[in-house]
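Worksheet: one structure, shown below.
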Amino acid sequence: GMADPHYKSEEALDFSFDFSGWFNCAIAFQEGRMRDGGAQRLVEYGLHQFFVKQDEGKVGELVDKICGHYATHKFKVARLWGEPRGHDAKADTPETLFQQIQKRFIRNGWKVEIRVKPGQVKAHRERNYYMNDVLAEQTPALPILRLNDQTCKDAIIAMQVTSVKGDFQKDKSNESNRDFPQEQATHFTDLIDYYFAQKHGWRTSRKANRPALTASVN
């Protein structure tokens with residue numbers, strides 16, 4: 001296929017991950033700029049989606065797919081974002097998923113920064129409001145999302161079909177239905193949510209701008 005016009009081989013790549021035992025996925029992102037009227041807007045370009053199903057292996061194989069695709073990438077620095085549960089210790093291995101992913105990238109010749117912090121996840125309602133703001137593209141402080149329509153097809157379909165229930169929980173029934181194509185279930189939408197909230201949440205955080213309620217008394 002055509003090379004993505006927004007892909008920059010000499011800049012770091014951001015990867016956001018979502019994990020489930022039998023479907024693991026990631027999207028490669030890079031930041032760019034876009035004219036929006038007279039202003040420049042920050043854009044997060046989703047360059048390429050990756051996934052492995054259970055019969056294809058786990059996170060190690062997912063990273064190998066990514067590194068195979070980006071074998072000719074010049075600046076091999078990966079920043080990792082995504083599902084905070086990737087930091088959880090597992091009973092059967094001393095390493096967390098993010099540690100396994102980091103090791104596998106390093107084995108493939110990459111430098112790696114794990115940017116997602118343990119437990120860095122907002123309530124469904126807050127994350128849903130936030131992503132609705134992002135997708136509305138009306139808030140200049142927030143980046144715009146652009147997914148490549150050739151190389152992120154399933155992620156785009158997932159964004160279109162994910163329905164939100166009244167309690168701001170996504171309808172995840174498709175995730176437990178093994179007959180439903182998991183690449184079009186909610187997994188990709190989750191890693192997009194995680195990525196935007198973790199990397200850009202501070203841009204509109206009321207906490208960040210909120211003045212102290214009580215003046216300090218000396």
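Here, each number is a calculation from the coordinates, and none is a lab measurement. Everything numeric here is computed off the predicted structure, so don't read it as measured data. Neighbour counts run over all protein chains shown; Cβ positions are idealised from the backbone, glycine included.
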Compute, for region 3-134, the length of the dipole vector about the Cα centre, with Cβ point charges of +1 (Lys, Arg) and -1 (Asp, Glu) only. Units Debye, rounded to 20. 280 debye
Simple label model, 7 Å out from Cα along Cβ direction - Lys53 to Lys103, nm: 2.8 nm
Mind grabbing the base-10 log of I(q)/I(0) for region 23-137 at q = 0.23 Å⁻¹? Debye formula, identical points on the C-alpha positions, no solvent, two decimal places. -1.40
So if we plug the beta-carbon distance of Thr93 and Thr204 into 1/(1 + (r/R0)^6) with R0 = 30 Å, what FRET efficiency do we get, rounded to 0.05? 0.20
Using the structure shown, select from Lys76/Lys103; Lys90/Lys117; Lys8/Lys111; Lys8/Lys90; Lys53/Lys153 the pairs with a Cα to Cα distance greater than 25 angstrom. Lys8/Lys90
At 0.36 nm per residue, and after removing the present C-alpha to C-alpha distance, how many nm does the segment from Arg85 to Leu42 gain when stretched out fully? 12.7 nm
Roughly what % of DSSP beta bridges within region 1-146 run antiparallel, to the nearest 5? 60 percent
Would you kindly state how much longer the chain becomes between Ala141 and Ile157 on full extension, computed as 0.36 nm times their sequence separation minus their alpha carbon distance, in nm to one decimal? 3.1 nm
